[in-house]
Each structure stands twice: as structure tokens, then as C-alpha cells.
1. Is there a residue in region 406-424 that is assigned to a strand (DSSP E or B) and touching a Leu at 6+ places or on another chain (Cβ under 7 Å)?
2. Which pairs turn up if I take residues in region 102-120 that are polar (S, T, N, Q) and look for partners that are buried (at least 24 other Cβ atoms within 10 Å of the Cβ) and in a loop (DSSP other than H, G, I, E, B) with beta carbon separation below 8 Å, at least 6 apart in sequence or on another chain?
3. Go over the candidates 308, 341, 334, 322 one by one and state the one that is in a loop (DSSP other than H, G, I, E, B) and of a type in the set (A, V, I, L, M, F, W, C).
4. Going by the conditions given, is residue 305 more than 15 Å from the ligand (Cβ to nearest atom) and more than 21 Å from residue 109 (Cβ to Cβ)?
5. Mind checking whether some residue in region 375-390 is in a strand (DSSP E or B), of a type outside the set (D, E, K, R) and crowded, with 22+ Cβ neighbours inside 10 Å?
6. Restricting to region 238-275, give me the number of residues that are more than 16 Å from the ligand (Cβ to nearest atom), assigned to a loop (DSSP other than H, G, I, E, B) and closer than 28 Å to residue 309 by Cβ.
7. Restricting attention to region 143-180, report how many residues are under 19 Å from residue 380 (Cα atoms) and hydroxyl-bearing (Ser, Thr, Tyr).
8. Just checking, how many residues over region 115-140 are within 16 Å of the ligand (Cβ to nearest atom) and part of a strand (DSSP E or B)?
Amino acid sequence: MTEQQRERSAVEADLLERARRRLPGGVLGTARYADEAAFVVKSGKGARIHDMSGRAYVDYVLASGPLILGHAHPAVVAAVREQVEGGTTYFMVNEPIIQLAEEICRAMPCAEQVRFTSTGSEATFFALRVARTYRKRDKVLKFEGGYHGAHDYAMMSSSPRSPKAFPAAVPDSSGIPHAIEAEVLVAPYNDLGTVEGIVAAHADELAAVIVEPFQRLVPPQPGFLQGLREITRRHGILLVFDEVVTGFRLAYGGAQQYYGVVPDIAAVGKIVGGGFPLAAVCASEELMRPFDPRQDGVADFISQSGTLNGNPIAAVAGLATLAELRRPGAYETLHGTGRRLMAGIAELAAKAGLAAQVVGEPVVFDLLFTDEPIVDYRSLQRADGALGRALTTGLIARGVVKNGQKMYVSLAHGEAEVADTLQAFEDTLKTLPKSKGRR
Ligand SMILES: Cc1ncc(COP(=O)(O)O)c(C=O)c1O
């Protein structure tokens, strides 16, 4: 595939200018493409999106992960259409949300009850509140490079520019009260020895260890999650899996099923809302009891409310998505597509003579420009970021869009998308500037 020849249309150029005027950075969050690659999405169908200039892209952003069936899947569209006719939100218990709670409990080994939220950030935030309530301790341990959303406790050492010695936390954002830094301890992912030492030294202060079981792109080394389970259990500290990315993706039962380690509490999001704002905290009845409003004034009570909690449109979209994922062979297909892409991209990078490797699991991965083993945040940081950005920009020019450091695969990605993607990689890799990443 050659660079998309078509120029940015006047309409799209105008929209980009208006976005720049009214949205900080012209964008919606921390993700921002190079100016020359910027575009405005018009529509999405299956594995592809179209921009306002009529250019098509094979989409590996997939709305940052929820769209495991691809865009506008007919089953999701039909379910949403039907629900919209009956009202869009109630702030009251409704049948779809009860069914979704039941389905989460059927799928997730750690789940007996569910509290819904609108975002994954809220889900991890309240998961930590559950742990603090149960343990009567305040501190939490998280991993360097782990991302649990945008709240103050999560925005610690998720992407530190100048990491401190463990377990000191580095805030990722301005505007976070300094007092929070002391409430978060940080450990290196995949390093059980360091975790063990920090937990032993702070066991009396810790409520929870929170971890992305598959951290960004980095799979857990054999025994790491089992070790976390053992250490936390030994000290009576709660283990929280942030399954916002991994839930219903690595397997139907998430990382808990895929890696065979059951946490005390899980936060789920993205896929479970079928492309609508919905996430959830789930755990045993015992841990979840404090959410019960009848506990107010009686015992430990966790105050948690949200205008869109239990939104029925998100619930039917989530249920329709999960029903597709329960079809026989769905995960084999998904992993098969991912494996083909991973192998193909790795081969093309090798052919181009680049010091690079494909890192991740078949459902979420990326090409990183380093040949060092990737086991944690610091090794991930040693990959050549400039080459990574040039790859992302070059792929967009050739009709493939991905996050800065992540490619999500969907069931809508078929042979044609795999072929187009590999062609775009081949053409882009050839053009990358020489750098320390070159052999
Ligand atoms: C692992 C993980 N946890 C939590 C979140 C936060 O979810 P949300 O963006 O819905 O607040 C994200 C978002 O990307 C995530 O990847």
C-alpha cells in the first residue's frame, strides 16, 4: 500500500482548526498524533474507520479497546436501537443491568457481586476504596508503568520521566495533592523479590496491591501473578486485578482465567460496556457488602453513586458483545488473527534489519524498537520512542491506525485487514530514519 495520495479535504482541515481552537491540543486526552497525521473520524464499520477526507484506515485503536467486535457490529446496533426506544437511562435497577451483573459473575472467577460505574478510572478508584474499607489501612502498592486511569491514586509512577528509587511514587500529573504520594508505594513489575521486601516492610499500612495482570504490553513472567497472590494472602492484603483491558479479552474470564490466578477484587471496563460508558468493580459478597446503602450508619459504608451507573444502553451493548464472544471459537479466531499479525510484523522488522521485537499477547501487542528483553516499565522505556512515533505516523499515512504503543485486535479483523496491515508495515518500516535502533 502506498501513502494515501488523497489530500486532506478543506472540510477536514477546517474541523481540525476548530478542534485546535476549542479543545486543548485539539484532542480529547493524552493521545495525540503528529500534526501531519491528524484526522477527524467520520464513521467506523467493522475493522475500518473513515475520516472526513474519505480516507480509510484499518483500525487497531478500536476506541481504546472496547470494540472487540469492531465498529457498529449488527448485534450491538440492534440491541442499542431497541433499548433507545424504551428510554436511555433511568438511575434505577433495570433488567439489562441485572443480566449484565449476572454475566460478569458467571465469567469472572473473583466475582459474586458487581457495582457499576461509568469509567474504568472510577472502577479502579472504588476497588481501592473497597480494599481500604476491608483492611482498615490506607496505602496501596502499584507497579511502575501500570495504568489504572486518571484519578489521583492511579496517576502515580504510571509513566515517570525520572523514576525514583522504589517504593517512592512519582506523580504523573500536576494538580495532585502531595499527600497522596505518601499513600502509594511503587514496585517494579515482574520483580517478586522487590515486591516481597516492600510488602514485608509496609504490611501494616497496606490495604491492597493493584496490578494490571498484563501490564500495558508486558506479559507476567511465569510465577509472578501466583507470587503476588501468595504474598498478599500471607499478609492479609487484598489483591486487585485491573482487568479494564484484559477482562473478556485475553479470555472470556479475563486474565484471571487466562493466567489462572484469582484476585480478591477486579475492575472491568472497556469490552463489558460494548462501546458505551460502563465499567464495574466486582468481588465477593463479603467485600462488596459495604456498598449496600443499608450499611449506611450501621457499619462500614462505602458511599458510591453515579448518574449513569447501570445505564441500560451500555448494558445491552455489553450483553450483545459478550454473547458474540461466547460463540464457539471466538477466542481462537481472535488469538489466531493476533498471532498472524505478530509473526508477520516481527518478520518484516527483521527483514528491514531493525533491532525490534513484537511484545504482548495476541490480542494486544506492538512493535518496539529494542532487542533488550522487555519485562517492566524501565525496559519498555529503553525502546526507541522516536522510531515508534515515526512508525505510528507512517502507518497512518498508509491507512493503518494504532495507539502510540498498542494494537488491539478485533473479531472484525480478517484476512484482508491482516494483508493490508502487513503491507503498510512493510512499506513504513523501509522508510524509518536511521537511529540507534538500527543494527
Ligand atoms: C488498565 C486500565 N485501567 C483503567 C483504565 C481507565 O479506564 P477509563 O479510560 O475508562 O477511565 C484504562 C484505560 O485505558 C486502562 O487501560
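Read-outs: derived from the displayed coordinates by stated rules, not from any lab. Fair warning: this is a prediction, and the values are worked out from it, not measured in the lab. Heads up, the Cβs are rebuilt from the backbone with ideal geometry, glycines too, and the neighbour counts pull from every protein chain shown.
1. Just the residues of region 406-424 that are assigned to a strand (DSSP E or B), to begin with: 406-408.
Filter once more, so that each one left must be touching a Leu at 6+ places or on another chain (Cβ under 7 Å): 406, 408.
Scanning region 406-424, I find at least one residue that is assigned to a strand (DSSP E or B) and touching a Leu at 6+ places or on another chain (Cβ under 7 Å), so the answer is yes.
2. Once the first residue is polar (S, T, N, Q) and sits in region 102-120, its partners that are buried (at least 24 other Cβ atoms within 10 Å of the Cβ) and in a loop (DSSP other than H, G, I, E, B) give 117/278; 118/278; 118/311; 119/269.
3. Numbers: 341 fails: in a loop (DSSP other than H, G, I, E, B); 334 fails: in a loop (DSSP other than H, G, I, E, B); 322 fails: in a loop (DSSP other than H, G, I, E, B).
308 is the lone residue from the list that is in a loop (DSSP other than H, G, I, E, B) and of a type in the set (A, V, I, L, M, F, W, C).
4. Details: more than 15 Å from the ligand (Cβ to nearest atom): yes; more than 21 Å from residue 109 (Cβ to Cβ): yes.
For residue 305, the condition - more than 15 Å from the ligand (Cβ to nearest atom) and more than 21 Å from residue 109 (Cβ to Cβ) - is met.
5. Restricting attention to region 375-390, the residues satisfying the condition of being in a strand (DSSP E or B) are none.
No, region 375-390 contains no residue that is in a strand (DSSP E or B), of a type outside the set (D, E, K, R) and crowded, with 22+ Cβ neighbours inside 10 Å.
6. Number satisfying all stated conditions: 4.
7. Summing the residues that are under 19 Å from residue 380 (Cα atoms) and hydroxyl-bearing (Ser, Thr, Tyr) in region 143-180 gives 5.
8. Initially, region 115-140 is screened for residues within 16 Å of the ligand (Cβ to nearest atom), giving 115-131, 140.
Now drop any that are not part of a strand (DSSP E or B), which leaves 115-117, 140.
Residues meeting the conditions: 4.
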